[in-house]
């Protein structure tokens, strides 16, 4: 899968608030499906469906330990999303910085006209 395709799948997975909440829960440590079900007013099949989407997007991984399949957050996939967003974050920070400079200059000009 190419980088753009991975980002598309990751953003599609992140678009759902339940999946974002699952990721937030997994950020504090791995959990089994049963443990995840306890934190939501959803059925086990519904949580499993969300986990499948997150796993396909590479945002979580599941291993088999005896009879359980603990889920864990995969930070590397989130890093690629963050890297993509960083370009736009820089753009907005620079744009807002220029706006601050412009407004400060206007305030100085306006203040100078009133005192003269």
Selection count, the stretch 73-89, where residues are in contact (Cβ under 8 Å) with a residue 12 or more places away in the chain and either over 15 Å from residue 7 (Cα atoms) or not in a helix (DSSP H, G or I) (or both): 2
Among residues of the stretch 47-62, those that are out of contact with any strand residue (DSSP E or B) (no Cβ under 8 Å at 6 or more places or on another chain) and in contact (Cβ under 8 Å) with a residue 24 or more places away in the chain, counted: 6
Conditions (1) under 14 Å from the mean Cα position of the chain (by Cα); (2) in a helix (DSSP H, G or I); (3) surrounded by 13 or more Cβ atoms within 10 Å (Cβ to Cβ): number failed by residue 58: (2)
Condition met for residue 52 (in a helix (DSSP H, G or I) and modelled with pLDDT of 95 or more): yes
Some residue of the stretch 63-72 being buried (at least 17 other Cβ atoms within 10 Å of the Cβ) and free of Cβ contacts under 8 Å to residues at least 40 places away in the same chain: no
One residue from 33, 9 being touching a strand residue (DSSP E or B) at 6+ places or on another chain (Cβ under 8 Å) and at pLDDT below 95: 33
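The values are calculated or read from the model by the stated rules, or taken from the named source; none is laboratory data. None of the values given here were measured: they were computed from a predicted structure. Note that each Cβ is placed from the backbone with ideal geometry, even for glycine, and that neighbours are counted across all protein chains shown.
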